[in-house]
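Below is one structure, written out as structure tokens, with a few remarks after it.
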Amino acid sequence: MDKNNKLIELDGSHGEGGGQILRTALALSMCTGTPLRIDRIRAKRPKPGLMRQHLTCVLAAQEVCGATVVGAELGAQALEFRPGRVHAGDYRFAVGTAGSCTLVLQTVLPPLTLADGPSRLHLSGGTHNPMAPPFHFLQRSFAPLIRRAGAGLDLTLRRHGFFPAGGGEIDAVVTPTDGGRLRPFDLLERGEPLEAFGEALAPALPRGVAERELEALGRLTGWDSQQLRVVPARQNEGPGNALMLTLGHEQVTEVFIAFGERGVTAEDVARQVFAELRAYQASTGAAGPHLADQLALPLALAVAGAGRPAAYTCTELTEHSRTNFGVIERFLDVRFDTRLEVSRAGKQWRVDVLPGAA
């Protein structure tokens, strides 16, 4: 599956220049057994280097495979990671701040889908963060596609965690594939619509906040009261606020989210998430921009293992995704071919993941 076992060196300032380069590289280093060195980590961020959530990703990866690591400390801008063998197990990973624990899951999930047995993970930190996949996106959008590739991913939310308090908790059960290989698949169309609904999360805030957001969303979407819900808070959660939209289709489910904060009106939050919905509806692509990014790594692993292609369509191809493609191509004998397709129904990007080095 891997190109070779020589040390791969990456420039963390390349392309999008954020933490995704680190997470993808760690995951693929574990999957392929390839040593990694990365310099200029998160160089394009206001605070470069390893922050708490990134350091937790490194330490989680180290624990999962018994890696030898140099540079695993807060603020570090260079890291060397030499993986050992990935082992299934019961793991607990705590970010310790409101940093995203879903990004920790994103790092260790790929190797655990190829491991020697099922794994159970307990993750704590932020579960609903800007600039990170929220829990409900992983549960509703991403996990079904991992199952389609032949692995199991079952997620349970124990407690919401918002910035700045954090304190969220997620349980994950990862069931590896039969035969140690993911299955390639195509995701070219959404299929028929099945459901559409909006949910307001507002733990430790006046109920009126959630109600105003849902009222504004109802005016924008035309959805009835049965499609608009306030999510009950668990004990000692919050404060925090998010407005989520879920669109379910036969082949794919998408989740869109906007976060409330001090000084931002409920109407503005509703308009933000509605704009994402409208952008998705204006395209014919199956995956939204975030799901398009998340799909790249598991499909590339599947293609590299099976030696046959996979493809998906998406509404937008971001710099984040293109940077991710480049990192993946450094580790695996695959290449990403992309093209914009235009029809009377709308525009979409097609991404073909092909065996054979770029």
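If R0 is 22 Å, the Cβ-Cβ spacing of Ala76 and Met131 corresponds to a FRET efficiency of close to 0.60. Its relative contact order, with pairs defined as Cα atoms under 8 Å and 6+ residues apart, puts the stretch 236-283 at 32 percent. Convex hull of alpha carbon positions in the stretch 284-358: directionally averaged projected area 4.4 nm². The calculated Kirkwood hydrodynamic radius for the stretch 193-273 is 12.8 Å, given to one decimal from all distinct C-alpha pairs.
Could you work out the helix-only [θ] at 222 nm for the chain, with each DSSP H run of four or more residues adding -39,500 (n - 2.57) and the total divided by the number of residues, to the nearest 500 deg cm²/dmol?
Value at 222 nm, helices only: -9500 deg cm²/dmol.
Rounded to the nearest 20 debye, the dipole magnitude of the stretch 193-273 is 260 debye, with +1 charges on Lys and Arg beta carbons, -1 on Asp and Glu beta carbons, and the Cα centre as origin. One chain, two ends: Arg308 and Thr156. Fully extended at 0.36 nm per residue, the span grows by 51.4 nm beyond their Cα-Cα distance. With a Förster radius of 25 Å applied to the beta-carbon distance between Arg278 and Arg52, the computed FRET efficiency rounds to 0.10. P(r) tail for the chain: Cα pairs beyond 38 Å make up 14% of the total. The alpha carbon radius of gyration of the stretch 4-67, expressed as a multiple of 2.2 N^0.38 Å, is 1.07.
Using only the alpha-carbon atoms, how far is helix 102-113 inclined from the longest principal axis of the chain? Give it as 0 to 90 degrees, nearest 10. Compared with the principal axis, the helix lies near 50 degrees. Under 15 Å from the 7 Å Cα→Cβ point of Arg229, by amide nitrogen: which residues of the stretch 143-160? In the stretch 143-160, the label zone of Arg229 (backbone N under 15 Å from the point 7 Å along Cα→Cβ) covers 157. Summary value for the stretch 284-358: 38 percent relative contact order, contacts being C-alpha pairs under 8 angstrom separated by 6+ residues. Using a simple spin-label model with points 7 Å from Cα along the Cα→Cβ vector, what separation in nm is obtained for Arg120 and Asp171? The two pseudo-label positions are separated by 0.7 nm. The modelled label-to-label distance for the pair Glu195/Thr338, using points 7 Å beyond Cα in the direction of Cβ, is 3.2 nm.
Over the stretch 141-196, the ratio between the Cα radius of gyration and 2.2 N^0.38 Å evaluates to 1.51.
Measuring r between the beta carbons of Asp186 and Glu9 and using R0 = 30 Å, the FRET efficiency lands at 0.35. Placing unit charges on each Cβ (+1 for Lys and Arg, -1 for Asp and Glu) gives the chain a dipole about its Cα centre, and among Thr175, Leu145, Ile328 the Cα reaching farthest toward its positive end belongs to Ile328. When you restrict to C-alpha pairs under 8 Å that are six or more residues apart and normalise by the size of the chain, the relative contact order lands at 15 percent. A simple charge model with +1 on the Cβ of Lys and Arg, -1 on the Cβ of Asp and Glu and nothing else charged puts the dipole of the chain at about 520 debye relative to its Cα centre. For the chain, the residue among Thr24, Gln294, Gln348 whose Cα projects farthest onto the positive side of the dipole built from Cβ charges is Thr24. Among Tyr280, Tyr312, sorting on how many other beta-carbon atoms sit within 10 Å of each Cβ, with the fewest leading, yields Tyr280, Tyr312. Within the listed set Ala200, Ala282, Ala115, the residue fluctuating most in the Gaussian network model of the chain (springs between alpha-carbon atoms under 10 angstrom) is Ala282. Converting phi to 3J(HN,Hα) with the Karplus coefficients 6.51, -1.76 and 1.60 and the offset θ = phi - 60°, the stretch 86-96 yields 6, 10, 5, x, 9, 10, 10, 10, 10, 5, x Hz in sequence order, with x at every glycine or proline.
Since only Ala310, Gly15, Val230 are under comparison, the one whose Cα sits farthest along the positive direction of the charge dipole of the chain, derived from C-beta charges on Lys, Arg, Asp and Glu, is Gly15.
The numbers here are math on the coordinates, done by the rules we state, and not lab data. The structure displayed is predicted, hence computed values, not measured ones. Positions of Cβ are backbone-derived with ideal geometry, glycine not excepted, and every protein chain shown enters the neighbour counts.
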